């Protein structure tokens, strides 16, 4: 009888350690890498090739933003992802583990089962994070000076007044977020966990960590290349789709509009800042997560 409550207590403690470690890792990663997310969004919403105000490079984007909108403009929209990050990591990894059990073949994880688990974890995660994404994109694409820009809560309230919590309000563009997150996590989890277990054994912990970081960087890069057309569509929908007579309606329809009007390369707008963020950002999260988990397990052993 005592084993049941004890096992439940251990599971709860282990989950708490994972949530706190993942939240800390996400917070640090966002604080360091958010400016690249702002640049990515700015590139993605540019549609007129003849516009003289178009950004020519990441450096040009940062330089012009800081000059015209103030230094802290490169951190526009940072509060929504910070508020979402801790529960987002909990949702992502917890649901991945549950879906992994569901799609597991016999008793083994396969690349297909891992990819399917990643896909459904991404779809589940998107339902939670979409309201934060709507507010973040609206803030990131506002070209007013930071001092003149409405606050995060004012923007959220304005969007809520437009359409409430529904698909015309804070859940605007939900389908595009689900497709974007599902596609990314399908490739990322499927690749990373399939390759990780096949990595050669290294002589030191540092070498093992470096190899896993490289694997994570590769997984993030491949996933970014795969899902960025849907990310472009999401940015267009959530930045302009609420406007009257917007041509951006749904995710796949928006991909088609961008392709017809701007060409294939336009579907990969913002890829460089996205990869630059997800590469080092993934490494930052892994290092912080492992450090925090070891620290918490030392102070609060989950198996005692």
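The values are calculated or read from the model by the stated rules, or taken from the named source; none is laboratory data. Every value quoted in this text rests on a predicted model; they were computed, and no experiment measured them. Here the Cβ positions follow ideal geometry from the backbone for every residue, glycine too, while neighbour counts run over all protein chains shown.
Looking only at the range 105-122, how many residues end up being surrounded by 19 or more Cβ atoms within 10 Å (Cβ to Cβ) and touching a residue at least 24 places away in the same chain (Cβ under 8 Å)? Before the answer, list the steps.
First, the residues of the range 105-122 that are surrounded by 19 or more Cβ atoms within 10 Å (Cβ to Cβ): 113-122.
Next, from what is left, pick out any that are touching a residue at least 24 places away in the same chain (Cβ under 8 Å): 114-122.
Of the residues in the range 105-122, 9 are surrounded by 19 or more Cβ atoms within 10 Å (Cβ to Cβ) and touching a residue at least 24 places away in the same chain (Cβ under 8 Å).
Quick check: is even one residue across the range 46-57 within 30 Å of residue 120 (Cβ to Cβ) and surrounded by 17 or more Cβ atoms within 10 Å (Cβ to Cβ)? No: zero hits. Just one of the listed residues (21, 57) is farther than 23 Å from residue 240 by Cβ and without any contact (Cβ under 8 Å) to a residue 40 or more places away in the chain, namely 57.
In the set 288, 255, only one residue is at pLDDT 95 or above, in contact with a helix residue (DSSP H, G or I) (Cβ under 6 Å, 6 or more places away or on another chain), more than 22 Å from residue 58 (Cα to Cα) and in a helix (DSSP H, G or I); that residue is 255.
Quick check, is residue 245 modelled with pLDDT of 90 or more and within 25 Å of residue 179 (Cβ to Cβ)? Don't jump to the end; show me each part of the working.
Details: modelled with pLDDT of 90 or more: no; within 25 Å of residue 179 (Cβ to Cβ): yes.
No, not satisfied.
Does residue 234 meet the test of being surrounded by fewer than 19 Cβ atoms within 10 Å (Cβ to Cβ), in contact (Cβ under 8 Å) with a residue 12 or more places away in the chain and closer than 22 Å to residue 175 by Cα? So residue 234 does not fit the description; no.
The number of residues in the range 206-236 that are more than 16 Å from the chain's Cα centre (by Cα) and closer than 22 Å to residue 253 by Cβ comes to 1. Inspection of the range 47-55 identifies no residue that is in contact with a helix residue (DSSP H, G or I) (Cβ under 9 Å, 6 or more places away or on another chain) and in a helix (DSSP H, G or I).
Do we find a residue being part of a helix (DSSP H, G or I), touching a strand residue (DSSP E or B) at 6+ places or on another chain (Cβ under 9 Å) and surrounded by 14 or more Cβ atoms within 10 Å (Cβ to Cβ) anywhere in the range 81-101? Write out each step before concluding.
Going through the range 81-101, the residues part of a helix (DSSP H, G or I) turn out to be 81-101.
This time we only want the ones that are touching a strand residue (DSSP E or B) at 6+ places or on another chain (Cβ under 9 Å), so: none.
No; the residues of the range 81-101 include none that is part of a helix (DSSP H, G or I), touching a strand residue (DSSP E or B) at 6+ places or on another chain (Cβ under 9 Å) and surrounded by 14 or more Cβ atoms within 10 Å (Cβ to Cβ).
In the range 107-200, which helices (runs of 4 or more DSSP H) lie fully inside it and hold 1 or more residues that are in contact with a strand residue (DSSP E or B) (Cβ under 7 Å, 6 or more places away or on another chain)?
Output list reads 111-140.
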